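Below you'll find the structure, written out as structure tokens, and then a few comments.
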Amino acid sequence: MVEYKAVISDPETGKTRQIGIESEKIDRLFGIRISEEIDGATIGFPGYKFVLTGGSDKDGFPMRPDVHGAVRKRILLSSAPGFHPKRSGQRKRRTVRGNMISDEIVQLNLKVTEKPEKEDMQIIEF
């Protein structure tokens, strides 16, 4: 069975935490695109709001916001994610994943946009 991971970053503190997600919870996220907001209750963090910033599929290919759909494509790249040029103007054809969450995605990169009140909810310790 595939283990799903979420890498959650908090821009206020600058810290990041990696957590495991059950496959039943990840099924609810299918169809969400990069830069869309996710309610934290869907992945087990009530009171939180997250923004999807990226991820990678089961073979390690990164998600790119400019490739539409849940497909894997070979495209000509000149910048990250997927390619880091050594010199100015360098381009290379690389395989990347589209910007939509599907059953092939195993890692999600999330950014915290809203936290619950300290009295109300349990806070993720960063």
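Take the Cα of residue 30, step 7 Å toward its Cβ, do the same at residue 59, and the gap between the two points is 2.1 nm. Dipole size of the chain about its Cα centre, with +1 on Lys/Arg Cβ and -1 on Asp/Glu Cβ: approximately 1280 debye, rounded to the nearest 20. Using a cutoff of 8 angstrom between alpha carbon atoms and counting only pairs six or more residues apart, the relative contact order for region 31-99 works out to 29 percent.
Summarising the amide proton neighbourhood of residue 4: residues at separation of 5 or more, or on other chains, whose placed amide H is nearer than 5 Å comprise 21. Where the alpha-carbon atoms of the chain are placed on the principal axes, they occupy 52, 32, 22 Å, in descending order. How large is the translational diffusion coefficient of region 1-66 in µm² per second when you combine the Kirkwood radius over alpha carbon pairs with Stokes-Einstein at 4 °C and 1.567 mPa s? Calculated translational D: 101 µm²/s. Potential lengthening of the chain between residue 5 and residue 90 amounts to 27.4 nm, from the contour at 0.36 nm per residue minus the alpha-carbon distance.
Here residue 72 sits with roughly 100 square angstrom of accessible surface, probe radius 1.4 Å.
The values are calculated or read from the model by the stated rules, or taken from the named source; none is laboratory data. What you see is a predicted model; the values in this text were computed from it and never measured. As a convention, Cβ positions derive from the backbone with ideal geometry for all residues, glycine included, and neighbour counts pool all protein chains shown. Each accessible area value is taken on the protein alone, full model and side chains, heavy atoms only, with ligands, DNA and RNA left out. Shrake-Rupley method; radii C 1.70, N 1.55, O 1.52, S 1.80 Å.
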